[in-house]
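Right, one structure below, let's go through it.
The values are calculated or read from the model by the stated rules, or taken from the named source; none is laboratory data. Quantities reported herein were computed from a predicted structural model and do not represent experimental measurements. Cβ coordinates were reconstructed from backbone atoms using ideal geometry, including for glycine residues, and neighbour counts include every protein chain displayed.
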Amino acid sequence: MRVYLYHAVDYAGAEKRGSIGSPTLEEASRDLGARGLYVVSIQESSGFFSAFERAWRDFRIGQGDILAFAQGFSVMLEAGIPILNCLDDLIASTSNPAFVPVLQDLRQRLARGGSFSQALESQGTLFPEILKTLVAVGEETGSLVESLREASEHLLRMQNLRGAVRKALMYPALAFGATLAALVFWLFFVIPSLSATLKTLGVRLPLLTRALIGASAFCQAHWKLGLLALLLAPLGIFILGKHPRFRYLRDLALIKTPLLEVITYNKLLVIFSEQFRILSGAGITMGRLFDLMIPSLGNEYFSVNLREVKENILKGARISDSFEAQKILPVLVLSKIRIGESTGTLDKQFEFLAKYYTKKLDDAIDNLGKIIEPLVMVVIGGLFAIIIMGLLLPIYDLVSKVGKT
C-alpha cells in the first residue's frame, strides 16, 4: 500500500488537498474520481511521510470508532441492508471526520468488487487483527453476519476491560501525582524558608533536619537535571521496550508484583480465554490461532511461553500437555483445557473461563481500591510526618532551652 498526495477540485470548484492510500497511481486517481474530485496533480509521497500519515490517522481514530463501526455494520447487515448502503449510512453518521476517508475507501473497494476482508486489510493496522480474521472466515463460510456480531461483542468486552483497568489504576496515579506535587512544594519553598530561620536562631539541628535541608539544597541545585531525567524517562523506557529481554523481565515483574499481579494476571487470562474461544470456534488452525492471539496479549513473558506451546502443538503434542509444560496457567485453566480437548468442547470451556476471569477481575478491581486507599494514606502520612518532625524538632529544642533559662 502506497500513499499519494493529491491536489484536486470538487464539482463546486472548491480546492481539495490531502493524501490517499492505494496500490497504484491509477487506482488512486480512480478512487479520487469516485469521490467526485477532479485531479489537478497527484504524486507518491516519501516513505517517511507515508508512515507518519498512517500513524497520525490511526492516532485520530480511537477504539470507540472501530467498535461503533463493527456494531453498526453487524446490526445493519443482520437487518438485511445491502453492504454498500451500510457503509453509506456509516459515512453519514460517523462523528469522527478522520474516519470518513477510511469508510469511503472501504466503500470504493467493495464497489469495485473487492472483498470486505481485503478492504479492511488495506487499511494497515487500523482495524484489529481479530476483526479482519473473523470477517475473512465469515466470508469463506457464508456467516459474515455472525462473524461481525462475534467480533463486535469481543471488541466491546475488550473496551470494557480496558476501562475497568484504567479505573483501578486512576486513584493510585492521582494520589502519586498529588504527593509528588506536595513534596516538590515543600522541598523548594517551605524547607528553604524554615531552614534559613533556624540557622539565624543558632539552634543545633538534629540529623533528620539536616538531612531534609540537604535534600532540599540538592534538589534546588540540580533541578534542571531532575527535570531532564523526568522528560527523558519515557524515551528511555520506549527505547528499552524495543529490547525483548527488557520486555520479558518487565512483564514478568508485572505478573509477580503484589497488587499489580491481581489485575495484570487476571486481565491476561481474560484476553487469552476470550481470544482462544473465538478463534477456535471460528475454525482457525492452531498455528494461525497462536499467531493472532500472542500479539493481542501485550505481554512478552506470556508470549515467549505461548510460542513454546505453539511449537509443541505443531509437533504433535496434546494442547493440555503443551500448556502444562510451560507452567503459565492456573490449575483451573489447565483442567478446563483437558476437559475441552477430550470432549471436543474447547470453545465452551474457554467461554466459561472468559466469564469466570472477567468476574474475578471485576471483583479484584473493586477490592483493589479498598486495599490501596489505606496503603496510600499510610505512605503519604508517613512521608509528611517525617518532614514535619524534621522541622519541628529544632523548634522543640529551642523552646526547651528557653524554658530552662
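Within the set Ser117, Ser122, the sole residue that is at pLDDT 85 or above, of a type in the set (Ser, Thr, Tyr), in the same structural domain as Ile66 (by TED's automatic domain parsing) and over 19 Å from Val270 (Cα atoms) turns out to be Ser117.
For every residue, the table says whether it meets (1) in contact with a Phe, Trp or Tyr (Cβ under 8 Å, 6 or more places away or on another chain); (2) in a strand (DSSP E or B); (3) at pLDDT below 75; (4) more than 30 Å from Glu146 (Cβ to Cβ).
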{"site": "Leu32", "(1), (2), (3), (4)": "yes, no, no, yes"}
{"site": "Ser41", "(1), (2), (3), (4)": "yes, yes, no, yes"}
{"site": "Phe48", "(1), (2), (3), (4)": "no, no, yes, yes"}
{"site": "Phe52", "(1), (2), (3), (4)": "no, no, yes, yes"}
{"site": "Trp56", "(1), (2), (3), (4)": "no, no, yes, yes"}
{"site": "Ile66", "(1), (2), (3), (4)": "yes, no, no, no"}
{"site": "Ile81", "(1), (2), (3), (4)": "no, no, no, no"}
{"site": "Asn85", "(1), (2), (3), (4)": "no, no, no, no"}
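In the stretch 97-115, the residues that are part of a loop (DSSP other than H, G, I, E, B) form no Cβ pair under 8 Å with any partner that is surrounded by fewer than 15 Cβ atoms within 10 Å (Cβ to Cβ), whether six or more places apart or across chains. Val309: of a type in the set (A, V, I, L, M), modelled with pLDDT of 90 or more, part of a helix (DSSP H, G or I) and within 17 Å of Thr264 (Cβ to Cβ), yes or no? Taking the combined requirement at face value, the residue does not satisfy it. As a summary of the residue check, Ile284 satisfies the conditions (1) of a type in the set (A, V, I, L, M, F, W, C); (2) more than 19 Å from Ile255 (Cα to Cα); (3) in a helix (DSSP H, G or I); (4) touching a residue at least 40 places away in the same chain (Cβ under 8 Å) except for the one numbered (3).
Where helices (runs of 4 or more DSSP H) sit wholly within the stretch 163-275, those with at least 3 residues that are in contact (Cβ under 8 Å) with a residue 12 or more places away in the chain and under 33 Å from the mean Cα position of the chain (by Cα) occupy 244-256.
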